[in-house]
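Heads up: the structure comes next, in structure tokens.
The values are calculated or read from the model by the stated rules, or taken from the named source; none is laboratory data. Fair warning: this is a prediction, and the values are worked out from it, not measured in the lab. No Cβ is skipped: glycine too gets one built from the backbone with ideal geometry, and neighbour counts run over all protein chains shown. Calculation scope for accessible area: heavy atoms of the full protein, side chains included, ligands and nucleic acids excluded. Shrake-Rupley method; radii C 1.70, N 1.55, O 1.52, S 1.80 Å.
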Amino acid sequence: MLDEVRTPRLVVAGTASNVGKTILTAGLIAAYKARGMTVQSFKVGPDYIDPAYLAHVSGRPCRNLDSWMLGEGALRQVLAQGALGADLALIEGMLGLFDGRGGSPDGSTADVARIVKAPVVLVVDVADMAQSAAAVALGFKSYGEPPKIAGVLLNNVRSDAHRRSVEDAIWDIAKLPVLGALPKIAQLDIPQRQRGLLPVTENKEWDRMIGLLSEMINRDVDLDLLLRIANKAELVPLVPKKIFQGKPASGPMVRLAVAYDDAFNFYYPENLELLEEHGAKVVPFSPLEDAHLPQDAAGVYLGGGFPESFVEPLARNGAMAESIERAYRNGVPIYAECGGLMYLAQSLEDAEGGVHEMVDVLPARVTMRPPRMSLGYVDVTLTAPTPLGRPGAVARGQEFHFSTLSPVPASVPRAYSVMAPGGVARAEGYLVGRALLSYVHLHFASNPALARGFVDACAEARRR
């Protein structure tokens, strides 16, 4: 691992949500790739869905830069890990530029831009404004102690005349250059779902949209000037304590079955990389399509996703449910997050009231009726021995789900103390034999010892 990050980089920030950050970032990635450049994408915050769109375009895993879950030191190491071998790093912001946790800028796009020392390009949706866009740009430029806003990208311009009037006003009032402007094209709207964008695995139009986007970006954005701005990013020093060691663990590898298909695909890349560094061989499998777990799997990792959207084929695949249930009975360590927990429950009731039998490891039922959103960051402290580690281990993560779990019997041990910032601790993390199930998505880079603990648990189970 290098001691500093030199890769040219830009933050693509917005004035708010839904102004076109994902579309513009994806288009920039495609346009620079067409020039023969290797582009690494990043996403501010804990989101899984937007990063999947950017990863699909770049051909490289998109990494989350979340200053609350990771802290500054680990965040910079995640930046360095992703930027290896890249000619350019493009960082898509979240929400509005200054929107952070609890009404403060902590964890905001501006906060991350400061940590990674990157210039900011501000996306402004001008569909329903003209000269007022200059006031918006000036406000963002003047707010508090902002990061360096290098210029503005306009989205949804109505005509060439509209663009010229907005561009002139922004330069006259805010003294910021307009670096590009995209017209309003309905075909470029990404469909929405209750939890945000439609997942890229379900968006059959995305490849076609990317081709159109790349052409528009080449025509309507000053790519050369943007690249010169990215090259002005300062060097980012790294802390001496390394998260990534850069080499796999010595000794025999353990085969770790990782659920990965349309129903389960919410994983932070660092979680899988840290597992591999500590001796796991990640073996993907599909609960939707495969009949059994991979051969000789010493452990199972079921991440989040949308099992409720694929509940019928999951319920029909009884062979896979039996394979996982058999592994559970045989003492194979299982770690399940959010969607994984839902799949390992007794049943899942869909939004229409249909009840579908699931794997039945956790003695509780999940329902999508009525949808109740649970959203937020959490601190997690282990309170019992688990496949991830011993009592006292701490980590950070986040919850985001619309399902509800029926009361879990008191006889099922709780292995987590979970506390939202400023909240009250509650018991969660259900321990059923060697299976650990939780609604929390943990980021292993907040405590890499969790990855080592899981691999050690798998190795011990294999020896037994």
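Within the span defined as region 97-109, every residue fails to be surrounded by 18 or more Cβ atoms within 10 Å (Cβ to Cβ), aliphatic (A, V, I, L, M) and touching a Lys or Arg at 6+ places or on another chain (Cβ under 8 Å). Exactly one residue out of Val19, Val57 is at pLDDT 95 or above, under 23 Å from Gln187 (Cα atoms), assigned to a loop (DSSP other than H, G, I, E, B) and not polar (S, T, N, Q): that is Val19. Close Cβ contacts (under 8 Å, 6 or more residues apart or on different chains) running from residues in region 189-207 that are closer than 20 Å to Glu308 by Cα to residues that are among the β-branched types (Val, Ile, Thr) and modelled with pLDDT of 90 or more comprise Arg195/Ile49; Gly196/Ile49; Leu197/Thr22; Leu197/Ile49; Pro199/Ile49; Val200/Ile49. Selection within region 407-424: residues that are small (Gly, Ala, Ser) and free of Cβ contacts under 8 Å to residues at least 24 places away in the same chain. The member of this set that is nearest to Arg396 (Cα to Cα) is Gly423. The set of residues in region 410-433 that are open to solvent by less than 50 Å² (accessible area, probe 1.4 Å), in contact with a strand residue (DSSP E or B) (Cβ under 7 Å, 6 or more places away or on another chain) and either among the hydrophobic types (A, V, I, L, M, F, W, C) or outside any strand (DSSP E or B) (or both) comprises Val412, Ala415, Val418, Ala420, Leu431, Val432.
Give me a count of the residues in region 130-145 that are touching a residue at least 24 places away in the same chain (Cβ under 8 Å), on the phi < 0 side of the Ramachandran plot and either open to solvent by 40 Å² or more (accessible area, probe 1.4 Å) or among the aromatic types (Phe, Trp, Tyr) (or both). Even if it seems obvious, please write down each step before you answer.
Our first condition is that a residue be touching a residue at least 24 places away in the same chain (Cβ under 8 Å); within region 130-145, this holds for 130-131, 133-138, 140-141, 143-144.
Going one step further and asking which of them are on the phi < 0 side of the Ramachandran plot, we end up with 130-131, 133-138, 140-141, 143.
So of that shortlist, the ones also either open to solvent by 40 Å² or more (accessible area, probe 1.4 Å) or among the aromatic types (Phe, Trp, Tyr) (or both) come out as 131, 135-136, 138, 140-141, 143.
The qualifying residues number 7.
Checking Leu79, Leu65, Leu54 one by one, the residue that is buried (at least 19 other Cβ atoms within 10 Å of the Cβ) and in contact (Cβ under 8 Å) with a residue 60 or more places away in the chain is Leu79 and no other. The numbered conditions (1) modelled with pLDDT of 90 or more; (2) outside any loop (DSSP other than H, G, I, E, B) are all true for Thr201 except (1).
Given the structure, is Gly389 touching a residue at least 60 places away in the same chain (Cβ under 8 Å) and in contact with a strand residue (DSSP E or B) (Cβ under 6 Å, 6 or more places away or on another chain)? Considered against the rule, which asks whether it is touching a residue at least 60 places away in the same chain (Cβ under 8 Å) and in contact with a strand residue (DSSP E or B) (Cβ under 6 Å, 6 or more places away or on another chain), Gly389 comes out as yes. One residue stands out in region 22-51 among those that are part of a helix (DSSP H, G or I) and charged (D, E, K, R): the one that is farthest from Leu235 (Cα to Cα), namely Asp50. Here Leu188 passes the criteria (1) under 30 Å from the mean Cα position of the chain (by Cα); (2) of a type outside the set (Val, Ile, Thr); (3) farther than 22 Å from Met94 by Cβ except the one numbered (3).
Got at least one residue in region 260-280 being more than 19 Å from the chain's Cα centre (by Cα), of a type in the set (D, E, K, R), in a loop (DSSP other than H, G, I, E, B) and within 30 Å of Leu65 (Cβ to Cβ)? Checked region 260-280: no residue is more than 19 Å from the chain's Cα centre (by Cα), of a type in the set (D, E, K, R), in a loop (DSSP other than H, G, I, E, B) and within 30 Å of Leu65 (Cβ to Cβ).
If you go through region 102-133 and pick out every residue that is within 24 Å of Lys232 (Cβ to Cβ) and among the small types (Gly, Ala, Ser), you end up with 4. May I ask you to list the residues in region 21-60 that are closer than 14 Å to Glu215 by Cβ and among the charged types (D, E, K, R)? Within region 21-60, Lys33, Arg35 qualify.
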